[in-house]
Every structure is written in structure tokens, then in C-alpha cells.
1. Once the Cβ-Cβ distance between residue 2 and residue 206 is put in as r, and R0 is 35 Å, what FRET efficiency do you end up with, to the nearest 0.05?
2. In sequence order, what are the phi-derived ³J(HN,Hα) couplings for segment 53-68 according to the Karplus relation 6.51 cos²θ - 1.76 cosθ + 1.60 with θ = phi - 60°, rounded to whole Hz, with x for glycine and proline?
3. Within 15 Å, Cβ to Cβ, of residue 71, how many net charges do the neighbouring residues add up to if Lys/Arg are +1 and Asp/Glu are -1?
4. Which Rg and Dmax, in Å, describe the Cα atoms of segment 1-95?
5. Using Stokes-Einstein with the Kirkwood hydrodynamic radius over Cα pairs, what translational diffusion coefficient do you get for the chain at 37 °C and a viscosity of 0.692 mPa s, in µm²/s rounded to a whole number?
6. Simple spin-label model, 7 Å along Cα-to-Cβ: residue 89 to residue 39 in nm?
7. Taking Rh as the Kirkwood radius computed over C-alpha pairs, what is the Stokes-Einstein D of segment 163-205 at 25 °C in a medium of viscosity 0.890 mPa s, expressed in µm² per second?
8. Based solely on C-alpha atoms, express the radius of gyration and the Dmax of segment 123-191 in angstrom.
Amino acid sequence: MKFFIDTANLEEIKEAASLGVIDGVTTNPSLVAKEGNVDFHTRIKEICEIVDGPVSAEVISLDAEGMIEEARELAKISLNVVIKIPMTVEGLKATKALTKEGIKTNVTLVFSANQALLAAKAGATYISPFVGRLNDIAHTGMELISEIATILSNYGLESEIITASIRNPLDVKEAALIGADIATIPFSVIKQMSNHPLTDVGIEKFMADWEQKKN
Ligand code: E4P
């Protein structure tokens, strides 16, 4: 399973990359806005210099033509740039056109199996179903991951599933059990995944015993 980090924060990306567990990065307009007054293209370039893997940068146009124009400019930043496109009719048109040009796409804001099927047929490199936001409205987000995995495999569709809108370590474990290709994870959750109270207790005991030995 590949892990992407879901942030536009350089310090978080650097620290996560130093753990050796990060295969790529996803950003979105809200995550970039959280970084304050940064130039979007510059920030994507900086991220690409840290992580050698796919880096998703989202377009903000709502029409296909605008999305394609933005995508072409973003794609010039690095070969690793993947264009994140919202799951709309216009987004599908843009996905098809960009795929034809050899530009990688990540169709985002996916909340149903049919949306994922459309994105895959349009040629999306990645599809991002948002599990946390579904859970927020009392739908089981992970069921969607399972449905999409079955549908893509039924028809040999090549898009990779990015389990997105992950809120806790259990989401990551469930996505892994389903066999999702990728999970994009906030840095706080990556850190939580490394914790176990018994590890802490074990370290404390080893240290205490070691002190004992010296005396
Ligand atoms: C995915 O690509 C999105 O950036 C992200 O996972 C959305 O997460 P949120 O629902 O916690 O905002």
C-alpha cells in the first residue's frame, strides 16, 4: 500500500519523508490556503523537491477549458505533478483531454461508486473517494472504497484508488484490509499510527531495568 501525505506544509512533508514511509503528496485549495500567503506554483515546486513521487495540485476553475489551461501550467512544474480535478461533468471532460495529453489526473471529491466508474472510464490516473466526509453524514465511507475496488477490478480499469479524507488510524487499517492502492493521510494521523501504549510501557520498563543493572 502506498502512503501519501495530505498537506501543503513543508515541515510536515519533510518530517514525514524522513520516516521513509511517504510515496507522494496530496494538496487541495483549503490545505494550500492554510499555509497563508504562499505562491501556489512555488509551493508545489518546493514539495516536488522534497518528495520523489506523485504530488497532487488542484485546479480551481470550474469549466473544462479553464481546468485544462491551469493543468498545463501546473504540469510544467515537474513530471511528478498530478492534476487534481473535481468530479463534475466539466471535470470529466478535462480528465479525458489531459489523459490524452499524457498529463496525470486525480479525480477528487468522489462520493459514489458511479462517480468513480465515470472517472475511471474518463482515464483518471487516481480516484479520491472521501471517506471521512461520508462518515460525517452517517454513511459508511469505507463501504465506498470496497465498492469502487470491486468495480475497477471487475472491468480491469486501471485507475488507482486514493482513500482520502482519512481522520484516524482505523481508517488507514480498514483501507489496507480492503486493498485500496493508496491512503492519503494527514501528518497527525501518521504520527498516531506509530503509537502504542504498550510500546511506551515497554520502553519505560527496559529503561528502568537498565538503570537497576548499573546500580
Ligand atoms: C484528499 O485529497 C483531500 O485533500 C483530503 O483528504 C480531504 O480531507 P478532509 O475531508 O479531512 O478535508
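1. 0.55
2. Using θ = phi - 60°, the values come out as x, x, 10, 7, 10, 9, 7, 10, 5, 10, 9, 4, 4, x, 4, 5 Hz.
3. That works out to -1.
4. Every Cα atom of segment 1-95 included, Rg and Dmax give 13.2, 40 Å.
5. 181
6. Result for the modelled spin labels: 3.8 nm.
7. Estimated diffusion coefficient is 216 µm²/s.
8. Rg then Dmax for segment 123-191, in Å: 11.7, 36.
The numbers here are math on the coordinates, done by the rules we state, and not lab data. This one's a predicted model, so the numbers in the text were calculated from it and none came from an experiment. Cβ atoms come from the backbone with ideal geometry, glycine included; neighbour counts cover every protein chain shown.
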